[in-house]
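Novice: Below you'll find the structure I mean.
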Amino acid sequence: MVDIKMGDCWSNTKDQFDNLEKHTQWGIEFVERYNKFVKDRTEIEISYAKQLRNLSKKYQPKKNSREEEEQRYTSCQAFLAILNEMNDYAGQHEVIAENMSGLIFAELSRYIQELKQERKSHFQEGRRAQQHIESCWKQLENSKRRFERDCKEAERAQQHFEKMDNDLNVTKADVEKARQQAHTRHQMASDSKNEYSSVLQNFNKEQHEHYFTNIPNIFQKIQDLDERRIVKIGESMKTFSEVDRQVIPIIGKCLDGITKAAESIDEKHDTQLVIEAFKSGFEQPGDVEFEDFSQPMKRTVSESSLSNSRSDGKQESKGGKSKGKLWPFIKKNKGSGPEDFSNLPPEQRRKKLQQKIDEINKEIQKESDQKDGLIKMKDVYIKNPQLGRPETVDPRLAEIEQTIEKLRQESQKFEAWLAEVEGRLPVRTDQPKRSSEMHELQSTTVNNCAQDRESPDGSYTEEQNQDPELKVAAQCEFDDEFDDEEILAAIGTCKAMYPFEGQNEGTIAMAEGETLSVIEEDKGDGWTRVRRNEDEEGYVPTSYVEVYLDRNTKGAMTYI
């Protein structure tokens with residue numbers, strides 16, 4: 001009965017260890033599976049962030065392209081802001097990936113190794129305890145069997161002695177021998193009994209300690225290990241949520257920025273930019289007068305009509321001031337067009353000329369910088385002949401000076417055409433002057449004005465065989481046209497937000513808070529024409545003033 005109970009108990013304990021070993025192994029595998037999930041989520045976040053950044057980069061406006069010019073429109077600016085916000089949005093997903101990798105994946109990987117090592121230690125301790133109690137049990141079994149065997153041997157020896165003692169045919173020596181044998185067997189049985197008793201007491205002590213102390217402690221350690229594993233994975237899951245939650249405010253700001261960008265779109269502003277970019281500058285044609293062919297009278301055509309004949313256009317060009325132009329119906333020239341852009345509408349022509357002047361000025365500045373560098377190099381050679389010969393720089397300096405002179409002449413030519421388009425007389429000192437010197441522009445303009453004639457189709461042709469007297473007359477007509485220029489009426493007012501010294505010729509100084517009359521809007525070059533006290537005019541930076549235009553005085557603005 002004792003054997004059965006002890007065997008069942010040991011078998012039960014062994015089964016418990018096997019079950020616990022399987023369960024704890026499953027627990028570790030579960031943590032590893034969850035950690036693999038976190039790693040995959042991290043890789044997804046990194047990939048998503050990379051794709052978002054590539055998407056934002058893909059749709060960024062390209063430099064030196066039409067897309068960069070489109071950034072004037074508020075809708076394009078809003079889209080650019082959205083792309084920047086998406087770039088920041090991608091950065092937050094990179095933060096998520098970084099935090100998950102450091103706070104969860106790396107931490108769990110380290111914890112799993114510690115968990116495996118601790119689990120291995122606990123089950124090794126349990127197996128040692130199990131082996132020890134089994135060893136004690138085997139020792140007890142051996143002692144018990146030996147005691148049983150000795151008892152049986154003593155019993156048989158006693159029976160043999162008694163049998164020999166009662167047999168008359170047996171010698172006294174044989175009886176004495178049987179008696180001694182029985183005594184020895186009894187002594188051995190007594191010793192085995194004492195040994196068995198001692199081993200039994202020791203086993204009971206070991207068994208009690210095994211089942212009530214060692215095994216419960218080991219099971220408790222395994223339970224603590226499993227509970228800590230469960231707590232750890234719960235904390236990791238909570239961290240998994242907090243990593244996302246930490247970036248939600250910043251992601252919310254990104255989304256707010258996208259909403260703000262969308263709300264900043266101004267359709268009126270964008271359409272006004274289209275108007276400014278493509279307006280022709282033509283005045284609206286007047287009414288066509290009725291021509292009565294029933295009366296024998298000279299037929300006349302309204303000066304403002306768009307049906308002027310080619311011969312009328314020639315007379316107007318010879319007579320001084322031109323009247324109505326046929327530009328809206330001009331057939332555009334194929335190819336690059338004339339150098340002075342005379343095939344374009346007035347406003348578009350002005351912009352092209354100004355753009356060309358700016359390009360030439362940049363080239364002049366570039367050549368001037370090279371010239372300054374060569375001059376410094378020559379000075380160094382003069383002071384230190386061992387570094388080089390100064391005369392080797394002279395050919396390059398001469399070449400650059402010729403280039404600069406050609407560019408200046410080119411700039412003066414375009415400045416003359418621009419002055420003609422804008423209707424300003426170069427010789428007047430109270431008119432604003434552009435980037436090049438106006439006294440140089442004056443001579444070029446006077447020389448060109450007699451040669452560049454306006455043809456009926458709106459272009460300019462140079463008449464090489466024109467009579468010198470006609471050239472002088474044309475020059476006089478040019479001067480008279482600008483001398484009779486009327487004073488421009490104010491189209492609004494402006495208030496100076498910053499002080500401006502106005503040191504350059506053609507500009508006007510102003511104090512902060514001063515109110516001036518606006519007589520000409522900004523044409524796209526960043527300058528606004530203003531007047532003070534009806535006799536002082538000049539240009540001020542548009543960004544320095546706050547303009548209030550009177551819409552009733554501006555006139556109608558039309559598309560091309």
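The values are calculated or read from the model by the stated rules, or taken from the named source; none is laboratory data. None of the values given here were measured: they were computed from a predicted structure. Positions of Cβ are backbone-derived with ideal geometry, glycine not excepted, and every protein chain shown enters the neighbour counts. Accessible surface is based on the protein model in full, side chains and every heavy atom, while ligands, DNA and RNA are left aside. Shrake-Rupley method; radii C 1.70, N 1.55, O 1.52, S 1.80 Å.
Novice: Only one of Ile230, Ile222 is touching a helix residue (DSSP H, G or I) at 6+ places or on another chain (Cβ under 8 Å) and open to solvent by 80 Å² or more (accessible area, probe 1.4 Å); which?
Specialist: On inspection, the qualifying residue turns out to be Ile230.
Novice: From the residues in the range 43-74 that are outside any helix (DSSP H, G or I) and among the basic types (Lys, Arg), which one is least open to solvent (accessible area, probe 1.4 Å)?
Specialist: Restricting to residues being outside any helix (DSSP H, G or I) and among the basic types (Lys, Arg), the top hit is Lys62.
Novice: A follow-up question, please. Just to check your reading of the model, which residue among Val518, Val530 is closer than 20 Å to Glu276 by Cα, at pLDDT 90 or above, surrounded by 17 or more Cβ atoms within 10 Å (Cβ to Cβ) and among the hydrophobic types (A, V, I, L, M, F, W, C)?
Specialist: Matching residue, one of Val518, Val530: Val518.
Novice: Here's something else I'd like to know. Could we say that Lys362 is at pLDDT below 75 and assigned to a helix (DSSP H, G or I) here?
Specialist: no
Novice: May I ask you to list the residues in the range 194-236 that are in contact with a Lys or Arg (Cβ under 8 Å, 6 or more places away or on another chain) and under 30 Å from Glu107 (Cβ atoms)?
Specialist: Answer for the range 194-236, where residues must be in contact with a Lys or Arg (Cβ under 8 Å, 6 or more places away or on another chain) and under 30 Å from Glu107 (Cβ atoms): Ile222, Leu225.
Novice: Cβ-Cβ below 7 Å, separation at least six or inter-chain, first residue in the range 534-551 and free of Cβ contacts under 8 Å to residues at least 24 places away in the same chain, second open to solvent by less than 80 Å² (accessible area, probe 1.4 Å) and in a strand (DSSP E or B): which pairs?
Specialist: Hits for this filter: Thr542/Thr528.
Novice: Determine if the range 75-83 includes at least one residue that is β-branched (Val, Ile, Thr), under 24 Å from Pro249 (Cα atoms) and part of a helix (DSSP H, G or I). Steps first, please.
Specialist: First, pick out the residues of the range 75-83 that are β-branched (Val, Ile, Thr): 82.
Keeping just the survivors that are under 24 Å from Pro249 (Cα atoms) gives 82.
Now drop any that are not part of a helix (DSSP H, G or I), which leaves 82.
Looking through the range 75-83, at least one residue is β-branched (Val, Ile, Thr), under 24 Å from Pro249 (Cα atoms) and part of a helix (DSSP H, G or I).
Novice: What do you reckon, is Gly91 open to solvent by less than 50 Å² (accessible area, probe 1.4 Å) and under 30 Å from Gly252 (Cβ atoms)?
Specialist: For Gly91, the condition - open to solvent by less than 50 Å² (accessible area, probe 1.4 Å) and under 30 Å from Gly252 (Cβ atoms) - is met.
Novice: Return the total of residues in the range 508-530 being under 19 Å from Glu347 (Cα atoms) and out of contact with any helix residue (DSSP H, G or I) (no Cβ under 7 Å at 6 or more places or on another chain).
Specialist: The number of residues fulfilling the criteria is 4.
Novice: In addition: How many of the residues in the range 350-395 are open to solvent by less than 50 Å² (accessible area, probe 1.4 Å), over 17 Å from Ser411 (Cβ atoms) and in contact with a helix residue (DSSP H, G or I) (Cβ under 6 Å, 6 or more places away or on another chain)?
Specialist: 5
Novice: Oh, and also: Is there any pair with a first residue in the range 362-390 that is in contact (Cβ under 8 Å) with a residue 40 or more places away in the chain and a second that is of a type outside the set (Ser, Thr, Tyr) and open to solvent by 60 Å² or more (accessible area, probe 1.4 Å) whose Cβ atoms are under 9 Å apart and which are 6 or more apart or on different chains, and what are they?
Specialist: Ile364/Arg408; Glu367/Glu401
Novice: Let me ask another. Yes or no: the range 240-257 includes at least one residue that is touching an Asp or Glu at 6+ places or on another chain (Cβ under 6 Å) and within 18 Å of Tyr89 (Cβ to Cβ).
Specialist: If we filter the range 240-257 for residues that are touching an Asp or Glu at 6+ places or on another chain (Cβ under 6 Å), which is where we start, we get 254, 257.
Next, only the ones that are within 18 Å of Tyr89 (Cβ to Cβ) stay: 254, 257.
Yes - at least one qualifying residue is present in the range 240-257.
Novice: A further question follows. Pairs please, first residue from the range 98-111 and touching a residue at least 60 places away in the same chain (Cβ under 8 Å), second anywhere and open to solvent by less than 50 Å² (accessible area, probe 1.4 Å) and among the acidic types (Asp, Glu), Cβ atoms under 8 Å, 6+ apart in sequence or on different chains.
Specialist: Note: pairs meeting the criteria are Met100/Glu45.
Novice: Working only within the range 152-174, note down all residues that are closer than 30 Å to Asn194 by Cα and either basic (Lys, Arg) or surrounded by fewer than 17 Cβ atoms within 10 Å (Cβ to Cβ) (or both).
Specialist: Of everything in the range 152-174, those that are closer than 30 Å to Asn194 by Cα and either basic (Lys, Arg) or surrounded by fewer than 17 Cβ atoms within 10 Å (Cβ to Cβ) (or both) turn out to be Lys152, Glu155, Arg156, Gln159, His160, Glu162, Lys163, Asp165.
Novice: Shifting gears a bit: Checking the structure you have, find out if any residue of the range 102-123 is over 26 Å from the mean Cα position of the chain (by Cα), open to solvent by less than 30 Å² (accessible area, probe 1.4 Å) and within 30 Å of Val199 (Cα to Cα).
Specialist: yes
Novice: Now a separate question. List, please: which pairs have Cβ atoms under 6 Å, are six or more places apart or on different chains, and start with a residue in the range 485-514 that is among the acidic types (Asp, Glu) and end with one that is open to solvent by less than 100 Å² (accessible area, probe 1.4 Å)?
Specialist: Glu501/Ala509; Glu505/Lys433; Glu512/Ala496; Glu512/Pro499; Glu514/Ala496
Novice: Could you say whether any residue in the range 134-144 is without any contact (Cβ under 8 Å) to a residue 40 or more places away in the chain, surrounded by fewer than 18 Cβ atoms within 10 Å (Cβ to Cβ) and of a type in the set (Ser, Thr, Tyr)? I'd like the intermediate steps shown before the answer.
Specialist: Going residue by residue through the range 134-144, those that are without any contact (Cβ under 8 Å) to a residue 40 or more places away in the chain are 135, 138, 141-142.
Subset that is surrounded by fewer than 18 Cβ atoms within 10 Å (Cβ to Cβ): 135, 138, 141-142.
Among the residues that remain, those that are also of a type in the set (Ser, Thr, Tyr) are: 135.
So far as the range 134-144 goes, yes, one or more of its residues are without any contact (Cβ under 8 Å) to a residue 40 or more places away in the chain, surrounded by fewer than 18 Cβ atoms within 10 Å (Cβ to Cβ) and of a type in the set (Ser, Thr, Tyr).
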